[in-house]
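Below: one structure, written as structure tokens.
The values are calculated or read from the model by the stated rules, or taken from the named source; none is laboratory data. Just so we're clear, the structure is a prediction, and the values are computed from it rather than from any experiment. Ideal geometry is used to build each Cβ from the backbone, glycine not excepted, and the neighbour counts take in all protein chains shown.
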Amino acid sequence: MSGQDHVAIFDTTLRDGEQSPGASMTLEEKLQVAEILDDMGVDIIEAGFPIASNGDFEAVCEIAKRADKAVIAGLARAINADIDRAGDAVRYARRGRIHTFVSTSPIHLEFQMKKTEEEVLEIITSTVSRARNLIDDVEWSAMDATRTPIAYLSRCVEAAIRAGATTINLPDTVGYATPDEYRAMFEAIRNAVPDADKAIFSVHCHNDLGLAVANSLAGVAGGARQIECTINGLGERAGNAALEEIVMALRTRADVLPYDCSVDPKFVTRASKLVSAVSGFPVQYNKAIVGKNAFAHESGIHQDGMLKNAETYEIMRPEDVGVKETSLVMGKHSGRHAFRQKLEELGYEIGDNAFEEAFRRFKDLADRKKHIYDEDIEALVENEIATQGEQIKVIALTVIAGTGGPQKAILTMDVNGRHETRECSGDGPVDATFNAIKEIVPHEANLSLYQVHAVTEGTDAQAEVSVRLEQNGRMATGKGADTDTLVASARAYVSALNRLMARQNRPDHHELRAV
């Protein structure tokens, strides 16, 4: 294909994705995500919002130093201090970018910016020029572009290009547009703005109406050649356009989407699992491309067709996105070698101590379950990885429950190497268990989410529990898995508490949100 048909993939998981409440990541987690994004061929990685906090600045700097191929971008409001901070962070990159933005829609100008149209035009010219004096690669975004009149939006884009912007992003910030509208906006702007051909146009779509991917592809049809997206569609409110869906749509429907991209799709499942693990946001079972059921077939009619020809019901091959077909292969008679091989097939590489603990828990699980599925092993290993290095751990739990009441929990925990036991009652066995945790580790955190789902089918299925705690404006999510729902609940609560305590020890910072 010609160069003009290449679509650059701009991943903003580490910036816009992390703005999801409760999805903040540690520096080490961000480095892991950035590494797999670079390996899979993402063109631009938006590594963070450097002015937001010292932690964000440090993350952008470290990612910039380590990236081998991708352009590393830092976000900045249309404020001189933001732009300078972003420039300082990305200067370590082989190829860096400053991404600055300002609101352009009437509702934003009146109620949020409290600026006139002419004042915003002056801001665009001065801040883009300042960024361009620091670095050659400057992206400018019109926040809430889809609710901005075309005539004024054209003036803003023209000012940004004249000031030195090399990429123009016209985001659907609130997920309001339809595909036809979004495509028409790009066509109109590119026709109206002098020197529009001197910049690359970019799409950035939110999923409030479930149209983020459709709108992104429509914007490309309208002339955009950069798509901004996130792994698993992570992002504020209903999220962003999902990278894996964009990449596979371009690959699968090349007949009507004649554009290429550099992302290797074999990485998308691994990337999805990593982002889900570090963010604490589970992927829904029927999620396109990376969901548990994306390549699963239960209907007898579907199974018959699959056995005769996989293309009868699958438009993509699971191996193209890094998915293995085998699911029922492990049991209580499997040895360490087979278990390690299975972990490698599932994409896990863990140290010897973590492996031994995972293998022990696998054997215990196999004694309780007739069938061990890949999902069981994944839940087991993810739980083991998540609890490494935690200050507090669940050692033993006994619960007394029933219609007669009262419900009681006797809990033993390891707190910094010291075992402590408490007996507490509660309004049900889960409440009693959580009360016991509070007795052992006093805290004021509020429980904002408690969610249980079965990892696989059957009455002996593992329960996977998600817990979200909130205290003083900070949130943390923990997960736990066990065939005993109450044990899984205790582990999930303790995991969230560990993460929350770690975050409470960090310096306070303002959470800035944008685009």
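Tabulated data
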quantity: Number of the exception - Ile200 against (1) β-branched (Val, Ile, Thr); (2) touching a residue at least 40 places away in the same chain (Cβ under 8 Å); (3) surrounded by fewer than 19 Cβ atoms within 10 Å (Cβ to Cβ); (4) touching a helix residue (DSSP H, G or I) at 6+ places or on another chain (Cβ under 9 Å); calculated: (4)
quantity: Matching residues, segment 173-191, being touching a Lys or Arg at 6+ places or on another chain (Cβ under 9 Å) and either part of a helix (DSSP H, G or I) or touching a residue at least 40 places away in the same chain (Cβ under 8 Å) (or both); calculated: Thr173, Gly175
quantity: Hits in segment 442-467 (condition: closer than 19 Å to Leu411 by Cβ, touching a helix residue (DSSP H, G or I) at 6+ places or on another chain (Cβ under 9 Å) and either surrounded by fewer than 23 Cβ atoms within 10 Å (Cβ to Cβ) or polar (S, T, N, Q) (or both)); calculated: His443, Ala445, Leu447, Tyr450, Val452, Ala463
quantity: Some residue of segment 38-53 being in contact with a Leu (Cβ under 6 Å, 6 or more places away or on another chain), within 27 Å of Ser466 (Cβ to Cβ) and part of a loop (DSSP other than H, G, I, E, B); calculated: yes
quantity: Unique residue being touching a Ser or Thr at 6+ places or on another chain (Cβ under 8 Å) and either of a type in the set (A, V, I, L, M, F, W, C) or not assigned by TED's automatic domain parsing to the domain that holds Thr26 (or both) when the list is Val90, Val128; calculated: Val128
quantity: Any hit, segment 181-189, residues being in the same structural domain as Ala89 (by TED's automatic domain parsing), crowded, with 24+ Cβ neighbours inside 10 Å and either of a type in the set (S, T, N, Q) or on the phi > 0 side of the Ramachandran plot (or both); calculated: no
quantity: Members of segment 19-49 found to be among the charged types (D, E, K, R) and more than 24 Å from Tyr348 (Cβ to Cβ), listed by number; calculated: Asp43, Glu46
quantity: Residue ranges of strands (runs of 3 or more DSSP E) in segment 401-479 with at least 2 members touching a His at 6+ places or on another chain (Cβ under 8 Å); calculated: 407-415, 463-471
quantity: Of all residues in segment 468-503 being in contact with a Lys or Arg (Cβ under 7 Å, 6 or more places away or on another chain) and either surrounded by fewer than 21 Cβ atoms within 10 Å (Cβ to Cβ) or assigned by TED's automatic domain parsing to the domain that holds Val381 (or both), the one that is farthest from Glu444 (Cα to Cα); calculated: Thr483
quantity: Number of the exception - Lys30 against (1) under 21 Å from Ala502 (Cβ atoms); (2) in contact with a helix residue (DSSP H, G or I) (Cβ under 6 Å, 6 or more places away or on another chain); (3) surrounded by fewer than 24 Cβ atoms within 10 Å (Cβ to Cβ); calculated: (3)
quantity: Neighbours by Cβ (under 9 Å, 6+ apart or cross-chain): first from segment 89-115, surrounded by 16 or more Cβ atoms within 10 Å (Cβ to Cβ); second small (Gly, Ala, Ser) and modelled with pLDDT under 95; calculated: Phe101/Ala514
quantity: Positions within segment 253-279 being among the hydrophobic types (A, V, I, L, M, F, W, C), in a helix (DSSP H, G or I) and within 21 Å of Ala70 (Cβ to Cβ), in sequence order; calculated: Phe267, Val268, Ala271, Leu274, Val275, Val278
quantity: Tally, over segment 391-423, of residues that are in contact with a Cys (Cβ under 9 Å, 6 or more places away or on another chain) and within 18 Å of Asn498 (Cα to Cα); calculated: 1
quantity: Identity of the residue in segment 384-400, in a loop (DSSP other than H, G, I, E, B) and modelled with pLDDT under 75, that ends up farthest from the chain's Cα centre (by Cα); calculated: Gly389
quantity: Test set (1) closer than 14 Å to Glu375 by Cβ; (2) part of a loop (DSSP other than H, G, I, E, B); (3) modelled with pLDDT under 80 - Tyr285 fails condition number; calculated: (3)
quantity: Hits in segment 312-334 (condition: of a type outside the set (A, V, I, L, M) and modelled with pLDDT of 75 or more); calculated: Thr312, Glu314, Arg317, Pro318, Glu319, Asp320, Gly322
quantity: Enumeration of residues in segment 56-81 that are within 30 Å of Tyr152 (Cβ to Cβ) and surrounded by fewer than 24 Cβ atoms within 10 Å (Cβ to Cβ); calculated: Val71, Arg77, Ala78, Ile79, Asn80, Ala81
